[in-house]
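Read through the structure below, which is laid out as structure tokens, and then see the notes.
Computed from the coordinates by the stated procedures, all read-outs in this text should not be read as laboratory data. Values in this document were obtained by computation on a predicted structure and should not be read as measured data. For neighbour counting, all protein chains shown are included, and Cβ atoms are generated from backbone atoms with ideal geometry for every residue, glycine included.
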Amino acid sequence: MSFRLVRGCEPALISEHYKRRPRDEEVPEIAGRFQCKMAPSPQLRGKSILQSAVATFKTDISNYGDRYYVVVRCESGWATELASQRFALVVEVAHEANIQIYQQIRHRIQLRG
């Protein structure tokens, strides 16, 4: 299981880059300008069942638009008899300015399967 944070990119392009691939085929990376750098990196956290990462933005990010996408991938490797797998996702957003950021984000959240 792994996740990425992507910004400034169309959903169709994101789906193409992260669609299911044959097991021996490397997952293609999306262009670096679209990926939000997170710590720890996907490679370090990818083998854990409980994953956590932080992205911090310190410069003007307005040229990426106002949409961010969390891409969650789960490739079964050991539990081949399971048709689906449940998971939870928690996102924490903080801002230094005194604004009502939670209400703005909650209004815009969309889930895609």
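Please report the net charge: other residues with Cβ closer than 14 Å to the Cβ of Gly8, K and R +1, D and E -1.
Here the count lands on +2.
Rounded to the nearest 20 debye, what is the charge dipole size of the chain about its Cα centre when +1 sits on each Lys and Arg Cβ and -1 on each Asp and Glu Cβ? Kindly include the intermediate steps, with their values, before the conclusion.
Working: 17 positive and 12 negative charges, 30 e Å.
Rounded to the nearest 20 debye, it is 140 debye.
For the peptides 94-106, 62-74, 14-26, what is the packing order when you average, over each peptide's residues, the other Cβ atoms within 10 Å and list the highest mean first? Mind dumping the intermediate values first?
Working: 94-106: 8.8, 62-74: 12.8, 14-26: 10.7.
Ranking the peptides 94-106, 62-74, 14-26 by packing returns 62-74, 14-26, 94-106.
Rounded to the nearest 500, what is the 222 nm mean residue ellipticity of the chain from helices alone, with -39500 (n - 2.57) per DSSP H run of 4+ residues and division by all residues? Let's see the in-between values first.
Values: 3 runs with 20 residues, N = 113.
Dividing the helical sum by the residues of the chain leaves -4500 deg cm²/dmol.
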